[in-house]
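Have a look at the structure below before the remarks.
The values are calculated or read from the model by the stated rules, or taken from the named source; none is laboratory data. What you see is a predicted model, and the numbers here were worked out from it, not measured in a lab. In this analysis, Cβ positions are derived from the backbone assuming ideal geometry, glycine residues included, and neighbour counts consider all displayed protein chains.
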């Protein structure tokens, strides 16, 4: 089972990496860019189980390790392996 986790900074949290990317894009001629936020994408291979159980476990992983709940939001999606 493949579980995907997307972690992003909460609104209002300063994102210096996003600002650096935005500045670089402007330097490359992409003048229409108005804000960049950078996050993390984590792909986890898990033993087969019910999708609901895999999602619950991945959410617990986020709360304990993968995301900082004070500063970050996370989203978990589950797909059968190979999808």
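At-a-glance table
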| item | result |
| --- | --- |
| Residues within segment 1-36 that are without any contact (Cβ under 8 Å) to a residue 40 or more places away in the chain, within 22 Å of residue 75 (Cβ to Cβ) and surrounded by 15 or more Cβ atoms within 10 Å (Cβ to Cβ), tallied | 4 |
| Single match in 54, 58 (criterion: surrounded by 12 or more Cβ atoms within 10 Å (Cβ to Cβ), modelled with pLDDT of 95 or more and touching a strand residue (DSSP E or B) at 6+ places or on another chain (Cβ under 6 Å)) | 58 |
| Residues satisfying the stated conditions in segment 1-35, i.e. assigned to a loop (DSSP other than H, G, I, E, B), under 23 Å from residue 61 (Cα atoms) and modelled with pLDDT of 95 or more | 10, 13 |
| Selection count, segment 36-48, where residues are modelled with pLDDT under 95 and touching a helix residue (DSSP H, G or I) at 6+ places or on another chain (Cβ under 8 Å) | 1 |
| Residue count, segment 36-59 (criterion: within 15 Å of the chain's Cα centre (by Cα) and in a helix (DSSP H, G or I)) | 3 |
